[in-house]
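Student: Okay, handing you the structure first.
The values are calculated or read from the model by the stated rules, or taken from the named source; none is laboratory data. These numbers were taken from a predicted model, which means no experiment stands behind them. Every residue, glycine as well, gets a Cβ built from its backbone with ideal geometry; the counts of neighbours run over all protein chains shown. Note: accessible area is taken over every heavy atom of the protein model, side chains too, but ligands, DNA and RNA are not part of it. Shrake-Rupley method; radii C 1.70, N 1.55, O 1.52, S 1.80 Å.
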Amino acid sequence: MTSTRCRIARRAWLAAGMLGVSGLAAPLAAQPQPLIVLEHAALADWAPDPRDQGVIKAMAMLPDRLRELRHDFPNMPPELNQAFDILAAIVSSPHRFSVVYNPDEQEGGLFGYGLTFSVHKGERPAVRELERMVNRIVDRAAREHDFPFPIREGTRYPTHREIQTPAGLISFGPRESQGRWWYDLFLGSVASPDDGFASLPASPQGVTPIMRGLVDLKALSPALDVISLFMGNAREDLEPVLAQLEEMRIIGPRAMRIDFLAGYTADASYSRLAIHDVAAAADALGLPREALALQDLRIIPADAVYATIARFDLSQIDRMLDELIENGIDVDEALDAFFDETGVDLRRDVLQAIGGTTAFYMADATGGGNLFSSVIAVSFKDRARFVSAHGKLARAANDALKNAGDIGRRFQIARWRHGDIELYSLRANGLPIPLEISYALTDRWLFAALTPQAVVAAVQQARGQGDAGIGEQAHVKALLASRGQISSVTYADTARLGRSGYWLVSLGGSALANAMRSPDGDRDPGLVIPTYRELFKDARPSIDLAYWNGDAFIYESHGDRSLVAQGAMYSGLIMQFAPAIAAVGASFAAAFKASQRHMAPTYGWLIDDPHTRAALRTGWFIDPAERAVLALLANTGASQIDAAWDGVRTQWEELFRGR
């Protein structure tokens, strides 16, 4: 019976493909259902700030530079030359893109879905030139490559040309709409190229948009129905995964809709991303339900260079452990072993005892505003339970260090005081190691930092012995007053972080300028990046907020109006963490090399085992874990291990060749 259903499904698929129709998916509604819709303004409008005009001027030279590439590479294939001409003609224009399900217009195939890509070219002569370029490359490809599908005059739009393929109808060409000329590329069932665009989010008052878009996952349902038709009984194996995705509002009739908008006000940049229809799935998606207590922003100094504070509940990790247990992974055994060793129940005494609000910041007050001024703060849910667990963990760690040889015994977690502040620090007694990771437990917060000075300053700030806090910073205060309850706040000082990133954008500006200069002419964009003082004069900080608005979770960003200034800020933020990234990378590399040296004697018996040799001969000894072990062993240089690995590779080659 199953075999019969599969044969019927295969025949239905072939019939739908050859005819280019999609009657298999039953209509869900009379109205088109947008899946993806996106539109953006012309490239010149992306950076309206005067400080960005050097970049805009340079980018405006890109079409001419693309046309010159044929002289730089005289052996370039003609098709590639023509492709560069097309790219040069469209790269700086406004574009539209959409994927829409059309339940009542499925003649174009693709199971009722229609894809549209349109370039706005303004006047008729401009779009006519683009039309000639596209037709030239399409006709050449059809002549020289034995194109299997005929090109015909348009039936969907008289000004288009069409190609009927098994998947769906392709149409391309110019089109006039409300006095504006577009060049289109359509695939599948396109009822109207304007479908879905009316659903794009409206701009707030005072915001000029440069990009708007939406993703409505409800429109995936017809595609999933078609896929499930061909899966047959195999769908039953995926039911748990599909149920979880539906619970997370990723698929199904209650799936989420996401819309976004980016633009500018008179003195700032603005962007917003809204996730609709997710209030009931907040826990599954890890979205916070509760709002921040605004007084918690006082724990972050007002001179913070970068800061983020958010509602975050570690019970999410607790739920993840439950899911692992339900899926047959023996987490309890590891947790029980940890309890036997330390007397601490990780779930009850740690995960369920801390969390609720977390913060991270770098501030002048805690060490100069760089990486080593970083502070992490986590609030307590049950301080007494955590303090009890902490005492046991600290004793267990110190006991383990004492038994770790001569070097290990020099390390300890020391409990000490600075004035009335009690601290804990990881110390290396007698060794000149320039690091003293420290933390402190206050009445409400756990503070941790790379230096004891940062911890002391953080505790003093939380006690009200510092400044008024980041919440009193003028731009932050104004936004908080207008948004009500907030789930998270992220702050970045554009000018301060830009100090570390300016050199990177300056180099990038020189690279762009050199790339756009003509090798044989006088085309020159001049100074692309402004001077440091010009770029950061009166620069606005970047402030991101997250909050609930009914059933929608909103991410909102306000920043400096200059894209170059923002680029320098984010580059500077990355540079702050560069030492940590390098140190972690070096540590992993050293640990990997050490594991290689120790694995060969441990697993050397594998190579001499007769079952292993038989497995290598028959080819069934090919699962990822075993391949990983052999790969590690292969790097030890032992000839017998190299031979074994060669055997595995040979078996794979024979397998893929069908031997």
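Student: Looking at segment 429-445 only, could you name the residues that are open to solvent by less than 70 Å² (accessible area, probe 1.4 Å), without any contact (Cβ under 8 Å) to a residue 24 or more places away in the chain and within 26 Å of residue 343 (Cα to Cα)?
Tutor: Listed by number, the residues that qualify are 438, 439, 440, 442.
Student: OK, next. What is the one condition in (1) open to solvent by 60 Å² or more (accessible area, probe 1.4 Å); (2) over 15 Å from residue 195 (Cβ atoms); (3) of a type in the set (Asp, Glu); (4) touching a helix residue (DSSP H, G or I) at 6+ places or on another chain (Cβ under 8 Å) that residue 52 does not satisfy?
Tutor: (1)
Student: Hey, another quick one. Starting from segment 400-421, keep only residues that are touching a residue at least 12 places away in the same chain (Cβ under 8 Å), then list their pairs with residues that are open to solvent by 60 Å² or more (accessible area, probe 1.4 Å) and small (Gly, Ala, Ser) whose Cβ atoms are within a distance under 7 Å, requiring at least 6 positions of separation or different chains.
Tutor: 410/430
Student: Something else about it: Could you please give the count of residues in segment 292-315 that are at pLDDT below 90 and part of a loop (DSSP other than H, G, I, E, B)? Walk me through it before giving the result.
Tutor: Our first condition is that a residue be at pLDDT below 90; within segment 292-315, this holds for 294, 312-315.
Add one more test, that the residue is part of a loop (DSSP other than H, G, I, E, B), and what stays is 313-314.
Number satisfying all stated conditions: 2.
Here's the yes/no breakdown for (1) assigned to a strand (DSSP E or B); (2) out of contact with any Phe, Trp or Tyr (no Cβ under 8 Å at 6 or more places or on another chain); (3) open to solvent by less than 60 Å² (accessible area, probe 1.4 Å); (4) charged (D, E, K, R):
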position	(1), (2), (3), (4)
127	no, no, yes, no
132	no, yes, no, yes
135	no, yes, yes, no
155	no, yes, no, no
163	yes, no, yes, no
187	yes, yes, yes, no
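Student: Sort out for me the strands (runs of 3 or more DSSP E) sitting completely within segment 200-290 that have 3 or more residues that are among the acidic types (Asp, Glu) and without any contact (Cβ under 8 Å) to a residue 60 or more places away in the chain.
Tutor: Values: elements: 208-216, 257-264, 269-276.
In segment 200-290, there are no strands (runs of 3 or more DSSP E) which contain 3 or more residues that are among the acidic types (Asp, Glu) and without any contact (Cβ under 8 Å) to a residue 60 or more places away in the chain.
Student: Within segment 330-351, count every residue that is of a type outside the set (Val, Ile, Thr) and touching a helix residue (DSSP H, G or I) at 6+ places or on another chain (Cβ under 8 Å). Quick ask: steps written out before the conclusion?
Tutor: Going through segment 330-351, the residues of a type outside the set (Val, Ile, Thr) turn out to be 330, 332-341, 343, 345-349, 351.
In the following step, the residues that additionally are touching a helix residue (DSSP H, G or I) at 6+ places or on another chain (Cβ under 8 Å) were identified as 332, 335, 338-339, 341, 343, 345-349, 351.
Final tally of qualifying residues: 12.
Student: Within the bounds of segment 335-353, is there any residue that is part of a loop (DSSP other than H, G, I, E, B), under 30 Å from residue 476 (Cα atoms) and out of contact with any Gly (no Cβ under 6 Å at 6 or more places or on another chain)?
Tutor: Taking segment 335-353 as the starting set, the residues that turn out to be part of a loop (DSSP other than H, G, I, E, B) are 343-345, 352-353.
Now narrow it down to the ones that are under 30 Å from residue 476 (Cα atoms): none.
Within segment 335-353, none of the residues are part of a loop (DSSP other than H, G, I, E, B), under 30 Å from residue 476 (Cα atoms) and out of contact with any Gly (no Cβ under 6 Å at 6 or more places or on another chain).
Here is a yes/no grid of residues against (1) modelled with pLDDT under 90; (2) surrounded by 14 or more Cβ atoms within 10 Å (Cβ to Cβ):
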{"site": "336", "(1), (2)": "yes, no"}
{"site": "346", "(1), (2)": "yes, yes"}
{"site": "382", "(1), (2)": "no, yes"}
{"site": "385", "(1), (2)": "no, yes"}
{"site": "390", "(1), (2)": "no, yes"}
{"site": "402", "(1), (2)": "yes, no"}
{"site": "416", "(1), (2)": "no, no"}
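Student: Looking at residue 492, is it open to solvent by less than 60 Å² (accessible area, probe 1.4 Å) and either of a type in the set (Gly, Ala, Ser) or out of contact with any strand residue (DSSP E or B) (no Cβ under 6 Å at 6 or more places or on another chain) (or both)? Steps first, please.
Tutor: Numbers: open to solvent by less than 60 Å² (accessible area, probe 1.4 Å): yes; either of a type in the set (Gly, Ala, Ser) or out of contact with any strand residue (DSSP E or B) (no Cβ under 6 Å at 6 or more places or on another chain) (or both): yes.
So residue 492 fits the description; yes.
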